[in-house]
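Undergrad: Following this message is one structure expressed as structure tokens.
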Amino acid sequence: NVNFDDDAPSITSSAVDDSGVTLTTTDDTGSDTASFGSVFAAAASANGDYGADGAGSITVANYDLSLAVTSGYDSGLDSGGNNVLLREDGDNIVGYYADGGSDVTVFSLSVDGTSGVVTLQQNAGLDHSDTSTSEELLTLATNLVNLSAVATITDFDGDTDTVTYSVDLGGNVNFDDD
């Protein structure tokens with residue numbers, strides 16, 4: 001008997017170095033965008049093995065934002081003396097506070113599911129404790145919001161393997177005082 005085993009590619013999860021990717025808005029209103037696509041692609045390339053069948057391709061897609069905490073969790077930020085809470089709203093993450101019977105959106109985060117471009121939209125000012133300067137930078141705390149993506153490696157003859165990568169956006173999302 002003669003058997004031919006088909007080798008398959010493999011890809012493993014690892015830390016994604018997102019330290020160079022930040023989003024920063026200036027108080028009250030404004031937006032900023034940043035692409036996380038290249039840092040996810042770099043992690044996937046560094047952790048992919050095509051096996052004996054030879055090189056094919058690595059794709060990263062299906063970017064998604066999610067809360068690492070329960071909906072209504074206090075972000076540690078304040079707006080007008082109100083605690084800014086977090087919730088998922090469809091595919092977006094929203095920082096808000098309750099004002100009477102309605103919610104006031106302070107900021108939102110969204111992601112393009114194909115490219116990994118994240119948008120920070122600020123709709124209301126945040127309370128900055130240092131009133132002696134107009135250059136105080138507030139940063140979203142860690143362990144609140146995650147960005148994930150699915151990496152797929154395909155070898156030369158079409159075999160595949162997938163893995164999900166994730167980063168904590170704490171430290172990447174900033175609000176500058178104007």
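Undergrad: Can you list the HN-Hα couplings for region 72-84, worked out from phi with the Karplus curve (6.51, -1.76, 1.60; θ = phi - 60°), rounded to whole Hz and with x for Gly and Pro?
TA: x, 5, 6, 6, x, 9, 10, 9, x, x, 9, 5, 8
Undergrad: Relative to the present Cα-Cα distance, how much length would full extension add between A68 and D91 at 0.36 nm per residue of separation?
TA: 6.9 nm
Undergrad: Here's something else I'd like to know. Using modelled amide H (1.01 Å from N, peptide plane; none on Pro or chain starts), what sits under 5 Å from the amide H of L23, excluding residues fewer than 5 places away?
TA: Hits under the 5 Å cutoff: V173, N174.
Undergrad: In deg cm²/dmol and to the nearest 500, what is the mean residue ellipticity at 222 nm of the chain if only DSSP H runs of at least 4 residues count, each as -39500 (n - 2.57), divided by the residue total? Don't skip to the end; give the middle numbers.
TA: On the way: 1 runs with 10 residues, N = 178.
Helix-only estimate at 222 nm: -1500 deg cm²/dmol.
Undergrad: Counting other Cβ atoms within 10 Å of each Cβ, which GluC sites (Glu not before Pro) in region 48-138 have at most 10 and sit in a DSSP loop?
TA: Values: sites: E88, E135, E136; in loops: E135, E136.
When the GluC sites (Glu not before Pro) of region 48-138 are filtered for loop state and at most 10 Cβ neighbours within 10 Å, E135 remain.
Undergrad: Residues with amide H under 5 Å of G30's amide H, sequence separation 5 or more or different chain, H placed in the peptide plane at 1.01 Å from N; which?
TA: For G30, the qualifying residues are Q122.
Undergrad: Moving on to the next point. Picking from I11, L169, G90, whose Cα lies most toward the positive end of the charge dipole for the chain (charges on Cβ: Lys, Arg +1; Asp, Glu -1)?
TA: G90
Undergrad: Give me the 1.4 Å probe accessible area per residue for the chain, excluding ligands and nucleic acids, in Å².
TA: Numbers: 8740 Å² over 178 residues.
Computed with neighbouring chains in place, this is 49 Å² per residue.
Undergrad: Would you work out the relative contact order for the chain, in percent, from Cα pairs under 8 angstrom that are 6 or more residues apart? Walk me through the numbers on the way to the answer.
TA: Details: 449 pairs, mean separation 56.8, N = 178.
Worked out over the chain, it gives 32 percent.
Undergrad: Helix 37-46 versus the longest principal axis of the chain: what angle, 0 to 90°, nearest 10, using Cα atoms?
TA: Helix 37-46 sits roughly 40 degrees off the main axis of the chain.
Undergrad: Given 10 Å bins starting at zero, what is the percent of C-alpha pairs of the chain in each, up to the one with the largest pair distance?
TA: 10, 33, 27, 15, 9, 4, 1, 0, 0
Undergrad: Short version: ³J(HN,Hα) in whole Hz for each residue of region 57-64, in order, from phi by Karplus 6.51 cos²θ - 1.76 cosθ + 1.60 (θ = phi - 60°), x for Gly and Pro, what are they?
TA: Going residue by residue, I get 8, 10, 10, 10, 7, 6, 5, 8 Hz, with x marking Gly and Pro.
Undergrad: What are the ³J(HN,Hα) couplings of region 95-102, residue after residue, when phi is run through the Karplus curve with 6.51, -1.76, 1.60 and θ = phi - 60°? Round to Hz, x for glycine and proline.
TA: Karplus values, whole Hz, x for Gly and Pro: x, 8, 9, 7, 10, x, x, 10.
Undergrad: So, one more: Working with all protein chains in place, sort S10, S45 by solvent-accessible area computed with a 1.4 Å probe, largest first. Before the final figure, lay out each step's value.
TA: Details: S10 50, S45 75 Å².
Order by accessible area, largest first: S45, S10.
Undergrad: Just the number, please: carbon plus sulfur as a percent of the accessible area of the chain, 1.4 Å probe, no ligands or DNA/RNA counted. Numbers along the way, then the final one.
TA: On the way: 3710 of 8740 Å².
In the chain, the share of accessible area belonging to carbon and sulfur is 42 percent.
Undergrad: Give me the net charge for the shell around L86: Cβ to Cβ below 12 angstrom, other residues only, Lys and Arg +1, Asp and Glu -1. Please list the in-between numbers first.
TA: Details: positive: R87; negative: D74, E88, D89, D103.
Counting the neighbours of L86, the net charge comes to -3.
Undergrad: Quick one: which residues, 5 or more positions from L77 or on another chain, have an amide H under 5 Å from its amide H? H modelled 1.01 Å from N in the peptide plane, none for Pro or chain starts.
TA: HN-HN under 5 Å from L77: V84.
Undergrad: Give, in nm to one decimal, the length gained when the segment between T119 and V104 is fully stretched (0.36 nm per residue of separation minus the Cα-Cα distance). Please report the intermediate quantities before stating the final value.
TA: Numbers: separation 15, 0.36 × 15 = 5.40 nm, distance 1.87 nm.
Length difference between fully extended and current span is 3.5 nm.
Undergrad: Ordering D74, D6 by accessible area with a probe of 1.4 Å, largest first, what comes out? Don't jump to the answer; show the numbers that get you there.
TA: Numbers: D74 60, D6 90 Å².
The ranking, largest first, comes out as D6, D74.
The values are calculated or read from the model by the stated rules, or taken from the named source; none is laboratory data. Treat the numbers as computed from the prediction; the structure is a model and nothing was measured. Glycine gets a Cβ as well: all are built from the backbone with ideal geometry, and neighbour counts include every protein chain shown. What goes into the accessible areas is simple: the full protein's heavy atoms, side chains included, and nothing from ligands, DNA or RNA. Shrake-Rupley method; radii C 1.70, N 1.55, O 1.52, S 1.80 Å.
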